[in-house]
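Trainee: A single structure is presented below for examination.
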Amino acid sequence: MKSQEIRSKFLEFFQNKAHSIVPSAPMVVKDDPTLMFTNAGMNQFKEFFLGNGIPKNRRIADTQKCLRVSGKHNDLEEVGKDTYHHTMFEMLGNWSFGDYFKKEAITWAWELLTEVYKLDKENLYVSVFEGNEEEDLPLDKEALDLWKAILPEERIIYGNKKDNFWEMGDQGPCGPSSEIHVDLRSAEEKAKVPGRDLVNNDHPLVVEIWNLVFIQFNRKADGSLEKLPEKHVDTGMGFERLCMALQGVKSNYDTDVFTPLIKKISETTASEYGKDEETDIAIRVIADHVRAVSFAIADGQLPNSGGAGYVIRRILRRAIRYGFTFLNQKEPFVFKLVDTLAKQMGEAFPELRSQQNLIENVIREEENSFLRTLDQGLVLLDQIMNESKDKNVSGKKAFELYDTYGFPIDLTALILSEKGYTLDQKGFEEELQKQKDRSRNASKVTSGDWQVVKEAETEGFVGYDSLEAEVEILRYRKVESQKEGELYQLVFSRTPFYPEGGGQVGDKGTLQAKNGNVIYILDTRKENNLIIHLTKDLPEDLSGTFIAKVNVAQRARTAANHSATHLLHQALRKILGTHVEQKGSMVQSDYLRFDFSHFSKVSAEELQQVEEFVNSRIAERLPLVDNREMTYQEAINDGAIALFGEKYGDKVRAVRFGDSMELCGGTHVGNTADIWHFKIISEGAVASGIRRIEAITNEAAKEYFTAQTEAFSELKAVLKNAKDPVKAVVNLQEENAELKKQIEVLLRDKAKNLKGDLKNQIKEINGINFLAQKVDLDIGGIKDLSFQLGDEMNNLFLLFGAQHGEKAVLSCYISKDLVKQKDLHAGKVVKELGRYIQGGGGGQPFYATAGGKNPSGLDEALRKAEEFVK
Ligand code: ATP
Ligand code: MG
């Protein structure tokens, strides 16, 4: 069975059991501070488990793009070394939210595996939770009895809390699980060691394929468990592992999900797969990583230097260095694999095809810059080795190379061992741990349990239409982080406050109690579909109603910037072409930032056209047409622009101004005239193929023009109110250039005279032409003078001193013949004499300089110079 068919059979099976099939959520997570990437199918449904919402259909199934490279689930170090862990993989899943439970979950899983996929029952093992005394949790008897009815007891394994009690995080929904494992070994091997001994034992051919989790508890902040009012099913099956089991192969990389990529890598790097373990690991790492990176870029996450972008950069760099070290790839090559990937997976994931060009460009550019880093790192490492006395490189030095220059530690270790050096690996690990602790502490957030004030559903955001609302507080909790200190998070029965999202900042404002007391809302965010208001204090009395008021001025300016962003997007697509796609945006009250795909600098004329286009739309006074009741497909058919990497619900909101139409949840002006004016203040590159425009509107544009006018008036005043200030400045520049030329001529004459004077003062000591003298020249001038004299005279020893403000310099020149004959060294001379000016320096044997902070010592230094030639 081909992988395509395996995937669709899964979805079909659950569709026939009344499940709704939903699209995969984006891999990069946007509204969950505890999670950077989607690492399981259940992530996008967290709100349902947490009770923050109810799905339209209580049965759902899908295939989810997952990435396990950070946080609680991190498989990065396994990837490539083994044959069944990936960074990015697809997780097939089915869910019941308060609907069916263990019986259906178990029997359907078995039915699908053995009757639809026709896996041999004899090869399957299952596990059940054995219970845990400390937690006061019993054996999962219900699951055990269900399995006993299906397969013989000797193929049921009792698992402990680590393997069979699944938790989303330190807090939140959790419950016992039942895993299904498959034994893919030959009959011969099976006869030797029974499969049940190898379950959960890291055997590459006895692997877990499906995990059925029965969510029935909530883990509270104090660590205790609380029974949930409703029970849920959450299952996850590794698609690539399933393909391995069904295609009769011994590795995920031998399934048709990977073979085209493996072949392409072999061709591109002229290496063979399946001959040598080291090469094979490198090929697997690259095949895996190019998928993860390409999908991330298609989802809008570019490799960069912070947060999620940095994780993606590190994955790509890992692929590059495996290629560099083991496949001898010194030139960019990973980008060449994207085409194969897009051809093969483009049907299920069309974004790979539509963005292939961008993905290739970004990867190629990253490769170029990392290969340069590697080159530099190799030079630095050479230096470190030269400096080390005992052929041992300290952990600190290696860490510096790793941390400051991005030079990978395993490469350092490899090179050192090749050259017979040792590395203080332990010291390195310590430094690394220190750094990790620092960043963990910096980002640590502790949150208390939610305190429920009123049991009710929240109506959510009502702030499109009003900036003020009467609200009740439904719940609150205390959170603490190093970054923000101690804050409260409040959830209201409804809210006019816009939560940060879609590039737009969250609203600020006030919450006023009936008695007139006011507390400030510092920010508004969205967490797992819940709108959270941040405050420093709690109202004295939490019950009753409050007036929630958004800061109107700030919202108006933010809205102007957001609407301008849409017009800017439209203008760029009109003027530069429809290859322009939004790649990120930031909408604040004082400015806006817009990142987009485009391959060259936007010229000044183009920028002007863009400005004019947007300002024309403003002048046209286009009203906002706000449609919140469309389905995704209807909006797209109507010509709306959607973004990759965004999660869209059943109903989308289409925001239209004239011909500009985008799917957007943000807040906007009622009419483009409210933007007042649009002004671009910068344009530049953020990555290969990605440009960034920063612009201002509204009040900020007004302030900008006022400031410019003021500066211009001042300038005019300085120019004595010249009629044509531009001409006046040009005249000044010309005059300035002429004066500079004249000064140069004068200085040259002065130096010539000086040289003549000095030459006359040179005296002979022990056959050496000696001069020690103070001069009034800068260091460049001193050097020129020394070398000119050196050209005209042999056996020369010169020591010049000069005072520059509070500083002193010394310079020593010694003819090359003298250096040899008399064993003199200019570097040593200035080092020694540098003491008198309280400084130091050095250089080559024939020329060296020193700087110091004591000019009054110059005379003494010059006097002492004679001792070197005597
Ligand atoms: P393992 O112990 O093999 O790492 P897990 O316990 O981490 O698996 P779950 O978190 O239960 O796995 O995920 C559900 C399913 O997803 C697993 O049964 C497996 O088939 C698949 N899976 C998990 N991690 C990976 C990975 N890194 N690459 C590919 N598939 C994976
Ligand atoms: Mg795992």
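Trainee: Which GluC sites (Glu not before Pro) in segment 86-174 sit in a loop by DSSP (not H, G, I, E or B) and have at most 11 other Cβ atoms within 10 Å of their own Cβ? Numbers along the way, then the final one.
Mentor: Working: sites: Glu90, Glu104, Glu111, Glu115, Glu122, Glu130, Glu133, Glu134, Glu135, Glu142, Glu153, Glu154, Glu167; in loops: Glu130, Glu133, Glu134, Glu135.
The qualifying sites are Glu133, Glu134.
Trainee: Order of Thr524, Thr340, Thr422 from fewest to most other C-beta atoms within 10 Å? Numbers along the way, then the final one.
Mentor: On the way: Thr524 25, Thr340 19, Thr422 13.
Least crowded to most crowded, the residues run Thr422, Thr340, Thr524.
Trainee: Oh, and also: Once fully extended, how much extra length lies between Lys426 and Gln451, figured as 0.36 nm per residue of separation less the alpha-carbon to alpha-carbon distance?
Mentor: Working: separation 25, 0.36 × 25 = 9.00 nm, distance 4.57 nm.
Full-extension gain reported as 4.4 nm.
Trainee: Here's a follow-up. Taking +1 at the Cβ of each Lys and Arg and -1 at the Cβ of each Asp and Glu, which of Ala61, Ala149, Asn16 sits farthest along the dipole of segment 3-257 towards its positive end, judged by Cα position relative to the Cα centre?
Mentor: Asn16
Trainee: Tell me the Kirkwood hydrodynamic radius of the chain in angstroms, computed as one over the mean inverse distance between distinct C-alpha pairs. Working shown, then result.
Mentor: On the way: mean 1/r = 0.0304 Å⁻¹.
Final number for the Kirkwood radius of the chain is 32.9 Å.
Trainee: ³J(HN,Hα) across segment 649-657 via Karplus (A = 6.51, B = -1.76, C = 1.60, θ = phi - 60°), whole Hz, x for Gly/Pro?
Mentor: x, 5, 10, 10, 10, 9, 10, 10, 10
Trainee: Here's a follow-up. Quick check for me: using +1 on Lys/Arg Cβ and -1 on Asp/Glu Cβ, what's the dipole size of the chain about its Cα centre, in debye to the nearest 20? Mind dumping the intermediate values first?
Mentor: Working: 114 positive and 135 negative charges, 477 e Å.
Using Cβ point charges on Lys, Arg, Asp and Glu, the chain gives about 2300 debye.
Trainee: Which one, Asn736, Phe712, Val686, is farthest towards the positive end of the dipole of segment 658-763 when Lys and Arg carry +1 and Asp and Glu -1 on their Cβ?
Mentor: Comparing the listed Cα positions along the dipole, Asn736 ranks first.
Trainee: In segment 609-669, with Lys and Arg counted as +1 and Asp and Glu as -1 at Cβ, which of these residues, Phe644, Ser616, Asn627, has the Cα nearest the positive end of the dipole, that is, farthest along it?
Mentor: Selected residue: Asn627.
Trainee: Counting only helical runs of four or more DSSP H residues, what would the 222 nm mean residue ellipticity of the chain come to if each run contributes -39,500 (n - 2.57) and the total is spread over all its residues?
Mentor: Numbers: 26 runs with 334 residues, N = 870.
Using -39500 (n - 2.57) per qualifying helix, the result is -12000 deg cm²/dmol.
Trainee: Once you list every other residue whose beta carbon is under 12 Å from the beta carbon of Phe613, what net charge do they have if Lys and Arg are +1 and Asp and Glu are -1? Show your work: numbers first, answer last.
Mentor: Working: positive: Arg573, Lys574, Arg617; negative: Glu606, Glu611, Glu612, Glu620, Asp659.
Around Phe613, the charge tally is -2.
Trainee: Okay, moving on. State the dimensionless ratio Rg/Rh of segment 446-550 (Rg: radius of gyration of Cα atoms; Rh: Kirkwood radius). Before the final figure, lay out the partial values.
Mentor: Details: Rg = 12.6 Å, Rh = 13.6 Å.
Rounded to two decimals, Rg/Rh equals 0.93.
Read-outs: derived from the displayed coordinates by stated rules, not from any lab. Note that the coordinates shown come from a computational prediction; the quantities given were computed from them, not determined experimentally. All Cβ positions, glycine included, derive from the backbone under ideal geometry; neighbour counts span all protein chains shown.
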